[in-house]
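S.K.: Here it is, the structure, as structure tokens.
Values quoted throughout were computed directly from the atomic coordinates according to the rules given, and no laboratory measurement underlies them. All values reported here derive from a predicted model rather than from experimental measurement. With ideal geometry, Cβ positions are generated from the backbone for all residues, glycine too; neighbour counts draw on all protein chains shown.
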Amino acid sequence: MVRTTITLYVEGAGSVDSLAADEGSGLIYWVDRQKRIINLASMLHQLRTSLPTGNMTRPHAIALDVTQRSLYISQIDTPPTIERCLQDGHDCTTVVTQRLVRPDTLTVSRDHLYWTDSGSGDISALNIHTHSVTHYAV
């Protein structure tokens with residue numbers, strides 16, 4: 001098996017809080033904590049831009065759902081929320097508002113968005129179709 005390694009260097013990436021990659025489209029997303037923005041860059045260095053984030057003032061963690069073409073973003077402002085946007089950063093809607101203190105790590109697996117909350121110590125999951133939330137005892 002031949003394996004190819006690609007080294008990606010993004011100059012001036014800032015203080016990166018969270019990172020997500022879409023290998024299919026060749027895009028990488030990250031949250032810049034200092035500038036409080038979400039950036040998007042091409043893995044082939046052809047594009048770099050900041051995404052619109054609606055009314056979010058403190059984006060913190062991100063996760064991609066490539067099958068639904070969605071980007072999930074946690075916001076650690078008062079009150080903390082988790083938003084779902086299109087992958088281009090538009091059409092953001094709030095999907096979680098309850099029992100959030102500091103939603104940190106986000107990941108998508110099949111039909112669920114999972115997250116940890118460092119403020120409460122919870123691990124939780126959102127069914128992305130029904131919007132029901134399950135909290136797991138840790």
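S.K.: Translational diffusion coefficient, Stokes-Einstein: compute it for the chain using the Kirkwood radius over C-alpha pairs as Rh, at 37 °C and 0.692 mPa s, and state it as an integer in µm² s⁻¹. It would help to have the intermediate numbers written out before the result.
M.R.: Details: Rh = 15.5 Å.
Once the numbers are plugged in, D ends up at 212 µm²/s.
S.K.: In nm, what is the difference between 0.36 nm times the number of residues separating Ser120 and Tyr136 and their Cα-Cα distance? Provide the component values of the computation, followed by the final result.
M.R.: Details: separation 16, 0.36 × 16 = 5.76 nm, distance 1.17 nm.
Using 0.36 nm per residue and subtracting the Cα-Cα distance, I get 4.6 nm.
S.K.: For Arg48 and Arg69, what does the FRET efficiency come to when R0 = 22 Å and r is the distance between their Cβ atoms, rounded to the nearest 0.05?
M.R.: Plugging the Cβ-Cβ distance into 1/(1 + (r/R0)^6) gives 0.60.
S.K.: Under a point-charge model restricted to the Cβ atoms of Lys and Arg (+1) and Asp and Glu (-1), what is the dipole moment magnitude of region 16-136 relative to its Cα centre, in debye to the nearest 20?
M.R.: Computed about the Cα centre, the dipole is about 220 debye.
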